[in-house]
Amino acid sequence: MAILGIALYLAVLIGIAVPLGVYIHQALEGKLRWLGPLERLLLRAIGPASDGEQTWRQYWRSFIIFNAVGMLLTYAILRLQPYLPLREGVGLHPSAQGPLLAFNTAVSFITNTNWQNYSGETLTYFAQLALMVLQFLSPALGLVIAIVFFRALVGRRETLGNFFRDLVRCIVYIFLPLATIAAVVLLALGLPDTFAGPAIAHTLSGALQQIDRGPIAAWVAIEQLGTNGGGFFNANAADPLINPSPATNIIEILLMSILSTSLVFTFGRYAKSRKQAWVLAGVTLCLYAAGIAVVYGAMEYGNPILHGVLGISAKSMEGLEVRNGVGDTALYATATTAYTTGSVNAMMDSLPPLAGGLPLLFMMLNTVFGGKGAGMLNILMFVIITVFVAGLMVGRTPEFLGKKIERREITLATVAMLIHPILILAPTAFSLVHKIGASSILNTGLHGITEVVYAFTSAAANNGSAFAGLNGNTPFYNLSLGLVMLIGRYLSMAAMLALAGSLARKRIIPATEGTLRTDTWSFGWVYLFVVLIVGALTFFPALSLGPIAEHLVMAGGAGR
Amino acid sequence: MSVAANLWASVRGYVVLALLCGGIYSLVVWGVAQGFFSATANGSLIVQHGQVIGSRWIEQGWSGPEWFHGRPSATTPTPYNAANSGATNLGPTNPALIKEVEDNLSQYTHEGIAAADVPPDLVESSGSGLDPFISPASALVQVPIVAQARHLPPAQLRALVARYTQKAWLGMYGAPGVNVLQLNLALGRLVSGG
C-alpha cells in the first residue's frame, strides 16, 4: 500500500506543479496584482534601488551585498542571543553561540543549506525567528538567480531585471502566501505553535519531564517549502512535535518538493515550450522514482547482521519512527536529498548502507530537481553540457533555445560543474587522513568514510542533512563546512549568472532542419545519461569505499 | 548603483522583510494556532487532576512490568529527554549497535519471549528518542507480562491494544502504531475501574 501512496504523491506533485509553475512566472513578471499594496509598500521601503533594470553584473552586486547583510545580521543575533528578547525557548540562561559556530550557522542558513552544528533546543525564540527569516530569504535568493537565467535564455537583451524587485515579488507572491496556508494545514493536523516556553509534565512513572515547545508550525511550513531543512529541534522531522503523524509526514514531503518541481514548468513558460519542460521534468522524475525504489528496497532488506547475530527480524528500525513506516521514511530520505532540503524523519547515519548511499548520490548529482533555483540552474548547466556533447557527436553547432553555445558558455558551465566535486572530494580526503577531521567520526571503518563524504557533499550541495554521528561542532568542521557551503553556493551561482549575461546578448537563431532539438525525449535521455556518467565517473570511487563496500560487508556478515 | 547605495538598500530590505517574515507571519500563525487549535498548539498536553502528565506526542519512559513499554531512547543526558531530542546514530555495521540492541533485547528474552518474536522497533532506538508509538506487534508481545503483573485477563488487554491501534493514514501513508501513553492511561483507568 505504501507504493500506492508514493505513486499518488507523485501524481499530486505533478498535478500541483504544472499550474504553480505558471503562477511563479506570472508573479516574477509582474502580472499579479492581488498583493499589490504589500508589494509596493516593501519596494518603497527599499527605496530607489528597486527601480529600473540591471545588467547581470549590477544584479550580481546587489545580490551578493544583500546576502552579506543577511548573513552578518544573523551572525550578530546568534552571538548576542542572551541579551535579546524572547528567551523563553531555552529557559532563563541561554548562552551565545561561539564565533565559529555562529559563522557556520549564519552561512548555513543564508546559503539555504541548514546544516546544523548546534541543536535547536539551545536557541532562544528570537534567534530561531532570525533563522526563520533566512528560511524565507534564502530560497527566494536562489529562485531569483534561476529566473534571471531563464530571462537570459529567451530574447536578446542587455538587462535581466531588478534584484530587489524580484526578491520582493518572490516573498510576497510565492513564499509568504504558500507558507501561511501550509502552516494552517499543519496546525490543523496537530503541530504546536506557541511562545509559552517549555511545559513541565509530571509523568505517570513519577518523573519530571521538560517538553520543549515553540512556534513550530510556522517554522516547519517555511522550512520545508523553502527546501531549507533546518530542524526546530535536534531530531528534526523525526521529532514527534515537528512531525506527529503519517499525514503530516506526507504533507511535509509534498511541501519540500512542490516549488522546485514547479520551477521546471516555470522554465517551460519562459522558454515558451511546454514540451521542453515536460522532457526535463519527465527524465528527472524517472531518476527520482528510481532513487525512491533503491532506498525502499535497501530498507526492506534491512540489516541481516542483527538477524544473524541476535535472531530478531532484519527489518531495521534503528533511528526510524514507527508512525512513518518504512515506505514513507524511504520517500522522505530520497526527497530531502533530491530537493536538497536536508530535513530528516529518520537518522540517516543508522539507515542500511544503500539507503544512506542513494541520498548521498542524489546530493552528488545535485540535479534531481534540487533546491530553490539552485537545482534548476544545475539542470540547465547539464543541459548546456549535453548540448555541447551531443553537438560534437552528431557534428552540429551546439545551440539551446536558439542561442549558440560557444567557448565562453561551455567554459563557464564546466567551471560551475567542476566546483561541486572539488568541494566534496578535496576536503573529504584531507579530513579522512588528518586526525583533525577523522577524530570527529562516530562509526569507525567504512561507515566513517561515508560520514565524512556525506558531510562535505551535504555542505557543497547546500542540502543540510547529515550522518549526525559525525561531531561537526569542532573548529575544523565549523570552518571547513562553512567555507564549502559558501563556495558551493556563490561560486557556481556567479559562473551561472555570468553565463546568463553572455547568453542574454546573443541573438536568437531560428530553428532549421539542421538544429539539434532539445525538446525531444531522445535529447532528454541523452541528458540523463550525461548527468549519470559525469556523476558516476567523479564519485564512484568515493561511493564504493563508503556505502557500497559497507553494504557488501553487511550482506556478507549475515551468515556469521 | 554604488556599493554604498546597495548596502543601504539591502539593510532596509532585510529589515522590512524580516519584520514581515519573522514578525508578522509568525504572529499570524501564532494567532490562528491559539485562536482555533489551542489544545494541540500548546503541545497536545494531557491533564489529569489538574496536573500536566505529559504530551500525547512524547514518549515518557516506563518502568516495571505493570506498564506497556515504549521504544528505547538515546537522548542525552537521560533517556526520554524532551528538551534534547536525538538518536544513537550508530551505523548498521557498528558492533556497538549489536551490543545496544542485545542489551535491550535481554529485557524481553528474560521474560521467556523468543528473540524472533520481539519486533525490531521495541529493541532498536527511535530517531527522536521520543517516539510515542510502538508497532501493534510490540504491544501484543508485552500483553502476557502486563497481564500477569496486573492480574488481568490477556484477552482484555489485547482488546485494549486493538482499540488504541492507529491505522495508516488513508490506508496508504505511514504504518500502524499504538500510542503508549494513551494505552497506559487506558490501562490505568481499567485497573481503577474508572
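No value in this document is a laboratory result; all are computed from the given coordinates. Given the structure is predicted, the values throughout are model-derived calculations rather than measurements. Glycine gets a Cβ as well: all are built from the backbone with ideal geometry, and neighbour counts include every protein chain shown.
Take every residue in peptide A:351-361, count the Cβ atoms of other chains within 10 Å of its Cβ, and give the average of those counts.
1
Given the rule -39500 (n - 2.57) for each run of at least 4 DSSP H residues, summed and divided by the residues of chain B, what is its mean residue ellipticity at 222 nm, to the nearest 500 deg cm²/dmol?
Calculated mean residue ellipticity at 222 nm is -14000 deg cm²/dmol.
What nm distance separates the two modelled labels at residue A:293 and residue B:76, each placed 7 Å from Cα along Cα→Cβ?
4.1 nm
Cα centroids of the range B:64-103 and the range A:209-225: how far apart, whole angstrom?
24 Å
Starting from the 7 Å offset along Cα-to-Cβ, what nm value, one decimal, do you get for the label separation of residue B:4 and residue A:83?
2.8 nm
May I ask you to compute the full-extension gain from residue A:392 to residue A:512, defined as 0.36 nm times their residue separation minus their alpha-carbon distance, rounded to one decimal in nm?
41.4 nm
Ranked from highest to lowest mean number of other Cβ atoms within 10 Å per residue, what is the order of the peptides B:154-167, A:307-320?
A:307-320, B:154-167
Each label point is 7 Å from the Cα along the Cα-to-Cβ direction; what then is the distance between the points at residue A:8 and residue A:553, in nm?
Roughly 4.1 nm, to one decimal.
Which whole number in µm²/s is D for the protein assembly as shown by Stokes-Einstein, with the Kirkwood Rh taken over Cα pairs at 25 °C and 0.890 mPa s?
93 µm²/s
Determine the calculated [θ] at 222 nm for chain A from helices alone, applying -39500 (n - 2.57) to every DSSP H run no shorter than 4 residues and normalising by the residue count; nearest 500 deg cm²/dmol. Show your work: numbers first, answer last.
Numbers: 20 runs with 350 residues, N = 560.
Roughly -21000 deg cm²/dmol at 222 nm, from the helical runs in chain A.
Need one value for B:50-60: mean number of C-beta atoms belonging to other chains within 10 Å of its residues' C-beta atoms.
Other-chain Cβ atoms within 10 Å of each residue's Cβ, averaged: 6.
Which links in A:404/A:506; A:403/A:506; A:275/A:372 stretch past 18 Å when you go from one Cα to the other?
Listed pairs above 18 Å: A:275/A:372.
Quantify how much of the Cα-Cα distance distribution of the range B:52-194 extends past 24 Å, in percent. Intermediate values should be presented prior to the final figure.
Values: 3193 of 10153 pairs.
Counting every Cα pair in the range B:52-194, those more than 24 Å apart make up 31 percent.
Can you find, among A:238, A:371, A:25, the residue sitting farthest towards the positive end of the charge dipole of the range A:19-557, where Lys and Arg contribute +1 and Asp and Glu -1 at Cβ?
A:25
Taking R0 as 41 Å, what's the FRET efficiency between residue B:116 and residue A:522 from their Cβ-Cβ distance, rounded to 0.05?
0.20
Taking the Cα centre as origin and putting +1 on Lys and Arg beta-carbons and -1 on Asp and Glu beta-carbons, what dipole magnitude results for the range A:19-557, to the nearest 20 debye?
Magnitude of the dipole: close to 2100 debye.
Under 5 Å between amide H atoms, partner at least 5 residues away or on a different chain: which partners does residue A:213 have, H built in plane at 1.01 Å?
A:199
All other residues with a Cβ under 14 Å from the Cβ of residue A:182 taken together, and with Lys, Arg as +1 and Asp, Glu as -1, what is their net charge?
Net local charge, residue A:182 excluded: -3.
Between residue B:96 and residue A:414, how high is the FRET efficiency from 1/(1 + (r/R0)^6) when r is the Cβ-Cβ distance and R₀ = 41 Å? Nearest 0.05. Walk me through the numbers before you get to the answer.
Values: r = 44 Å, r/R0 = 1.08.
That gives a FRET efficiency of 0.40.
For residue A:16 and residue A:286, FRET efficiency with R0 = 22 Å and r from the beta-carbon atoms, rounded to 0.05?
In this case the efficiency is close to 0.70.
Provide the net charge surrounding residue A:246, with neighbours chosen by a C-beta distance below 12 Å and charges set as Lys +1, Arg +1, Asp -1, Glu -1.
With Lys, Arg at +1 and Asp, Glu at -1, the net is -1.
Enter the angle in degrees (range 0 to 90, nearest 10) between the Cα long axis of helix B:95-109 and the first principal axis of the Cα atoms of chain B, meaning the one along which they spread out most.
40 degrees
Excluding residue A:292 itself, calculate the net charge of residues whose Cβ lies under 13 Å from the Cβ of residue A:292, where each Lys or Arg counts +1 and each Asp or Glu counts -1. Show your work: numbers first, answer last.
Values: positive: none; negative: A:300, A:328.
Taking every Cβ under 13 Å from that of residue A:292, the sum is -2.
When you look at the Cβ of every residue in B:160-170, what mean number of other chain Cβ atoms sits within 10 Å?
Shielding by partners across B:160-170 averages 3.
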